[in-house]
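A short worksheet on the structure shown next.
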Amino acid sequence: MLAEGGVLSRRALPANSYLENVAYNNAKFRPEDSAYFDKSADWLDYVNLSISEINRSFFDYSKNWHRNADVWWLILSFDAGIASDPGVFFGTTNNKYEHCVRGEGEAGFAALFADPVRRRPGWVARRLMRGPQLTTCQQAEVLYPSRLSLDGLKRVYVGESDHYDVVRGWLREFEKPEVEVVIEPNKFNGVPN
């Protein structure tokens, strides 16, 4: 990402020469191969972002799938203003679920806080005790078109002090010293529902 200057969509990853030997899939199964995946738009050409918290269930799945690999995670925190950029969509749940409702602008954003939110047949998320800054479904997404510039990157959260030093070094190397790095293991807990 630092060499590219942005976060790329899944569609753009295979064509990137920086990533061809280092990219890790974060899940074994590809939802776009399923019959129910919405193919009305090229949703793989969007960067999938969480709002206010990580998608804990997907994070746990990815950690389990990579448990024997030498990988670790970090959280990128962008300026909230990116949500109003042209072409941004909001998904009420994980973009792969058949009941994901995608919308643009204020109406699309407001739908993230509806109660309840359908995910899959027979599976709904409810607000219950979720704080007002949290989407109804912990898997709700901002869908950013194609490439998200690192110009809006404000902070990187890491879970360990060793990772702090590595990320600080990367940011200095790629001339992004203004990006704050924070050791915050609790950020990786999310707020599952």
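The values are calculated or read from the model by the stated rules, or taken from the named source; none is laboratory data. Not measured: the values here are computed from a predicted model. Cβ coordinates were reconstructed from backbone atoms using ideal geometry, including for glycine residues, and neighbour counts include every protein chain displayed.
Assorted remarks:
- Note on region 54-76: residues that are of a type in the set (Gly, Ala, Ser) and part of a loop (DSSP other than H, G, I, E, B) total 1.
- Of the residues making up region 77-91, not a single one is among the β-branched types (Val, Ile, Thr), assigned to a strand (DSSP E or B), crowded, with 17+ Cβ neighbours inside 10 Å and modelled with pLDDT of 90 or more.
- Total residues in region 120-170 satisfying the condition of being assigned to a helix (DSSP H, G or I), in contact with a strand residue (DSSP E or B) (Cβ under 7 Å, 6 or more places away or on another chain) and not basic (Lys, Arg): the figure is 6.
- Selection within region 52-76 - under 20 Å from residue 132 (Cβ atoms) and buried (at least 18 other Cβ atoms within 10 Å of the Cβ): 53, 54, 55
- Taken residue by residue, region 150-165 has at least one member that is surrounded by fewer than 17 Cβ atoms within 10 Å (Cβ to Cβ), among the hydroxyl-bearing types (Ser, Thr, Tyr) and either over 28 Å from residue 84 (Cβ atoms) or over 15 Å from the mean Cα position of the chain (by Cα) (or both).
- Any hit, region 100-117, residues being touching a Leu at 6+ places or on another chain (Cβ under 6 Å), buried (at least 17 other Cβ atoms within 10 Å of the Cβ) and closer than 12 Å to residue 140 by Cβ: no
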